[in-house]
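Comments concern the structure below.
Read-outs throughout are calculated quantities, based only on the coordinates presented, and are distinct from any laboratory measurement. Keep in mind that what you see is a predicted model, and the values were worked out from it rather than measured. No Cβ is skipped: glycine too gets one built from the backbone with ideal geometry, and neighbour counts run over all protein chains shown.
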Ligand code: NDP
C-alpha cells in the first residue's frame, strides 16, 4: 500500500499531497468508493456540501479501521451559505458524523454578492473553536486573496483551484508560493479529457506508466496537492502510485507547455454566479 507524503501548511498542520475527490459520486455509492480509496492508501478525502455526499463520506470513515486522526477530511462552504458559515459547517459535521473537519474551504468567492471577506472572518472563528482544524479558500484569484490579506489578519492555508496541464496557473502558483499558501489542484486530470494527448502518452510510455500517473507526478513535482476522482478501483489505486518514479526537467517542461488559453473546464471565478 502506498504511503502518501504530506505538505506542510502555514498554520503548522500538514495535508496529504494526493487525496481522493468525490464530486459527482452519488451519496449511496460514496461509502463504497471511499472505502476502496482508504483501503488503497488514501488518507485525504475531498467533499463539499454541494456534492450531496457528505453522509456517504462519513459512513466510510465510520466503517473504516483507520483512526480518525489519520484521516484528512475536507468539505466546503457553499455559495448560498456565505452569510451563515457556522450553521453550514455544523450541518456538514452532522452529515459527516464528525466533530471537526481537517480543512474547511470557501467554495467560490462569488464577488458579485461581496460576502467572502465576512465569511472568511467567520471561518477564522470556527477554526479558533476547533470545528475546522485548518481553513482555506477555493477558486480565489490573486485579487481576492490580496483583499483577504488586506482586510483580515489570516492568510488562507490552501487555495483549491482548477489546475492541470491545460491550465497551469503560473500567476496564482507564484502568488501562493510568495504568501505561504499551498496550491491544491481540482480536476487535476482535466476530468480525463487530456489523457490521450500524444505528449503525455509518449512520456507515459517512457516510464511504463499510465498518462494519468504522469499528470499526477507532474503535480507532485510542482509541489501541488492533487485530489483526483475515479469511481474505478484500478484507477483509484493507480492514481496513488506516483511516488516511485520521477519526471525529468524536460518532461516537466513539455507537460507545462500543454497550457492553453481555452484550457479551463469550469467557470471563471470572477464571473461565476454560483448557479
Ligand atoms: P479529475 O480531473 O479528477 O478527473 C476525473 C475523471 O478522470 C473521471 O472521469 C475519471 O473516470 C477519470 N480518471 C480518473 N483516474 C483516471 C485514470 N487513472 N485513467 C483514466 N481516467 C481516469 O476531475 P474532477 O472534476 O472529478 O476533479 C477531482 C476533484 O476535485 C473532484 O472530485 C472534487 O473533489 C474536486 N473539485 C473541486 C472543485 C472546486 O470548485 N473546488 C471543482 C471541481 C472538482 P472514472 O471515475 O470513470 O474512473
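A straight chain from residue 249 to residue 23 at 0.36 nm per residue would run longer than the Cα-Cα distance by 78.1 nm. In summary, segment 191-275 shows an alpha-carbon radius of gyration equal to 1.18 times the 2.2 N^0.38 Å reference for compact globular proteins. Zone of residue 86 (label point 7 Å along Cα→Cβ, backbone N under 16 Å): which residues in segment 129-163? Only 129-132 pass the distance filter.
Would you please put 177-189, 260-272, 45-57, 27-39 in order of how densely packed they are, using the mean number of other Cβ atoms within 10 angstrom per residue and starting with the highest? Walk me through the numbers before you get to the answer.
On the way: 177-189: 20.4, 260-272: 12.8, 45-57: 23.1, 27-39: 18.8.
Highest to lowest by the protection proxy: 45-57, 177-189, 27-39, 260-272.
Please state, to two decimals, what the Cα-based radius of gyration of the chain comes to when divided by 2.2 N^0.38 Å (N = residues). Walk me through the intermediate numbers first.
Details: Rg = 17.8 Å, N = 275, 2.2 N^0.38 = 18.6 Å.
It is 0.96.
Under the shape rule built on the C-alpha gyration tensor, where the axes satisfy a ≥ b ≥ c, segment 32-135 is prolate, since a/c reaches at least 1.5 and a/b is greater than b/c. Of the beta bridges in the chain, as assigned by DSSP with both residues counted there, near 15 percent are antiparallel.
The Cα center of segment 78-102 and the Cα center of segment 224-240 differ in position by 26 Å. Here is how the number arises for the chain: DSSP H runs of 4 or more residues each give -39500 (n - 2.57), the sum is divided by the residue count, and the result at 222 nm is -11500 deg cm²/dmol.
Want the number for residue 125 to residue 39: 0.36 nm per residue separation, take away the alpha-carbon distance, what's left?
On the way: separation 86, 0.36 × 86 = 30.96 nm, distance 3.43 nm.
That works out to 27.5 nm of additional length.
For segment 104-182 versus segment 30-73, the inter-centroid distance based on Cα atoms is 24 Å.
Kindly give Rg over Rh for segment 106-160, based on alpha-carbon atoms, with the Kirkwood expression for the hydrodynamic radius. Radius of gyration over Kirkwood radius for segment 106-160 works out to 0.93.
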